[in-house]
Structures are given as structure tokens and as C-alpha cells.
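See below for the structure under consideration.
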Amino acid sequence: MLVAQPDRKPAHNFDLAAADGKIVQVAEYRGKVVLLNFWATKCGGCILEIPSFMELQKAYEKSGFTAVGISADIPYEGLKSPDEAWGLVRPFMASHKLNYPILMGDGAVVDAYGFPSYPATYLLDRSGKIAATYVGVVSKDDVEVNIKKLLAER
């Protein structure tokens, strides 16, 4: 269920590194509907839902939608550094042929979003506000219905 437009809160900002080292902020996605997914390479539920996010990315990327994965491997696995985490994440991205960007999260961004368990997924509207929150493995059909509604909003 989507949060009514007047009741939506802005997504928490972040400065996170992409796989190519570029620093990305949530504001860079304004104007798009964004599926923001917090996941980890050793989280079974996280891995289960990735193929559906890849399907959604393929289906809606030309309509103003993008999925964005935020790796929570550092807090999830208790790793010491982004380099250590990328050592797990880059091979995972390659073997699963991920078709959407992955950013390296940290304890601060996980704390800012404040979810109780993994995976956690947020749908952001075109203005960068949180329109839906999912904790646990999502239903692709439910997410897709909400993406379509958000894409239709003006």
C-alpha cells in the first residue's frame, strides 16, 4: 500500500560509493521512481528477490524507473572496510549479472533508514519521498503495482 502523497517523508540522503568508485547521492535519482533495496550477499531472502528486481528494472527502466541496491555487507557481516565488502559484492554482481546499480552501504545509512531486518526495500516517488516500505522478501506483483501507480503520478 502506498503512503498518500501529502504524508510521504523525504528519503534519507546518502553519499555512497558505486562499484566504479563514483560517489552517488539519493538526490541524483530525483525525477525517477526508485526501488531502493538494502541487501547482503549472504542473506538468503535478499538473494531470492534479486531476480524480480532485475525483471522490474528491465520492464520499467525506459519509463523513468530504476532499482538501486545498497549492499549492507559491512554491517551485516561485520566487515571492516568497503574494500573488504566489495570483495564479496563485485563477484556477486558479476555472477548474477545484475542490471541495476549497486552502492556500498554502511552502518550510518542502515541506521538512517532504521529497518529491523533484511532485506528492506523502499519505493521512492519522483520527488525523492518514501512512498512504500517493505521489510522481508517482497511480492514482485505488489511492488510492480505500486511502481506503475508511482510512474503514473505527476
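Things worth noting here:
- When Ser71, Ser95 are checked against the criterion of being of a type in the set (Ser, Thr, Tyr) and over 18 Å from Leu16 (Cβ atoms), Ser95 stands alone in meeting it.
- Residue match in segment 24-35 (condition: assigned to a strand (DSSP E or B), modelled with pLDDT of 95 or more and touching a helix residue (DSSP H, G or I) at 6+ places or on another chain (Cβ under 6 Å)): yes
- Arg90 vs. criteria of a type in the set (D, E, K, R), buried (at least 17 other Cβ atoms within 10 Å of the Cβ) and modelled with pLDDT of 95 or more: no
- When residues of segment 94-118 are limited to those that are aliphatic (A, V, I, L, M) and surrounded by fewer than 18 Cβ atoms within 10 Å (Cβ to Cβ), the one nearest to Ile130 (Cα to Cα): Ala112
- Residue match in segment 62-78 (condition: touching a residue at least 60 places away in the same chain (Cβ under 8 Å), part of a helix (DSSP H, G or I) and surrounded by 19 or more Cβ atoms within 10 Å (Cβ to Cβ)): no
The values are calculated or read from the model by the stated rules, or taken from the named source; none is laboratory data. Predicted model only: the values in this text are computed from it and were never measured. We place every Cβ from the backbone using ideal geometry, glycine too, and count neighbours over all the protein chains shown.
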